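Asks: The structure that follows is given in the form of structure tokens.
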Ligand code: ADP
Ligand code: MG
């Protein structure tokens, strides 16, 4: 077993002549919360999508929970079940109730019986502060509520790692706090998390480590106070001057 939940070595990703990831080394320990920051276009989403095999790396290795997901012998569907992903846009199924959205994957993939999935969905809705919304349709929810349902849906697969790609960027400001609160609770419970966010307050409070990316490379990383208060790299300084 690897001591890391996520162990990325020399990851490169090209789109034609566009070299988006130029040799990323990125490790996440068990129970660690890593916040990934960097300018738009630096490759943050591409990195997350490679971790989940939504994108095929050009080269390099990605080991999740001791399993090299780039090997053809690795069952990628099984590997993916252990990685929850939450996007900027919630992608809920609008023709299903909130409860059905959460129960779908565990039932379809044979992880739970219908009764188990229902109980778990209710528990998860309580965790994200929406216990009364089990029978609601997604269209009746606010953006922040939808995002909390999306988090519950990802958690329903009991993932080992949760990836968040700007989960609050599309929300009205008054909705942001509730979603961050749910993520904070998850972190406290020991979930291993990689979070791309512009919420520097969240990063300072919750991250064990902050990783700054620019131009497809990791430019700097360290404890939040180190990166935010004493950045070493000029690119980090310039970025932080703009966002803080
Ligand atoms: P970030 O999330 O840091 O803003 P992205 O990973 O989304 O950055 O994008 C990094 C670069 O990769 C950008 O130049 C973007 O245009 C390019 N890119 C991302 N996805 C694709 C794709 N599917 N096809 C071609 N280029 C892409
Ligand atoms: Mg992005």
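Every number here is computed from the coordinates shown, using simple stated rules; none is lab data. As the structure is a computational prediction, the values presented were derived from the model and not from experiment. When we count neighbours, we look across all protein chains shown, and the Cβ atoms used for this are built from the backbone with ideal geometry, even at glycine.
Asks: Kindly put 20, 243 in sequence by how many other C-beta atoms sit within 10 Å of each C-beta, fewest to most.
Replies: 243, 20
Asks: If you don't mind, another one. Would you mind pulling out the separation of the Cα centroids of region 111-178 and region 185-235, in Å?
Replies: Using only Cα atoms to place each centre, the spacing works out to 24 Å.
Asks: Using Cα springs under 10 Å in a Gaussian network model of the chain, which residue among 47, 171, 36 shows the largest mean-square fluctuation?
Replies: So, out of 47, 171, 36, the one fluctuating most is 171.
Asks: When a footprinting reagent is the concern and you count Cβ atoms within 10 Å, what order do 15, 4 take, fewest first?
Replies: By the 10 Å Cβ count, ascending, the order reads 15, 4.
Asks: Still on this structure, please answer the following. Taking Cα atoms, how many degrees apart are the long axis of helix 114-127 and the longest axis of the chain, rounded to 10 and kept between 0 and 90?
Replies: 60
Asks: Sticking with this one: Most fluctuating residue of 111, 133, 13 in a GNM of the chain with Cα springs under 10 Å: which is it?
Replies: Most flexible of the set in this elastic network: 111.
Asks: Counting only Cα, what are the radius of gyration and maximum Cα-Cα distance Dmax of region 67-177, in Å?
Replies: 14.4, 46
Asks: Which angle from 0 to 90°, rounded to the nearest 10, does the C-alpha axis of helix 173-188 make with the longest principal axis of the chain?
Replies: 90
Asks: Something else: At q = 0.18, 0.21, 0.30 Å⁻¹, what is the log10 ratio I(q)/I(0) for region 23-72, with the Debye formula run over Cα points and no solvent?
Replies: Cα-only, vacuum Debye calculation for region 23-72: -0.63, -0.86, -1.42.
Asks: With Kirkwood's inverse mean 1/r over C-alpha pairs for Rh, give me the Rg to Rh ratio of the chain, two decimals please.
Replies: Rg divided by Rh gives 0.97.
Asks: Arranged by the count of other C-beta atoms within 10 angstrom, fewest first, what order do 9, 127 take?
Replies: 9, 127
Asks: Relative to the longest principal Cα axis of the chain, at what angle does helix 143-155 sit, 0 to 90 degrees, rounded to 10?
Replies: 90
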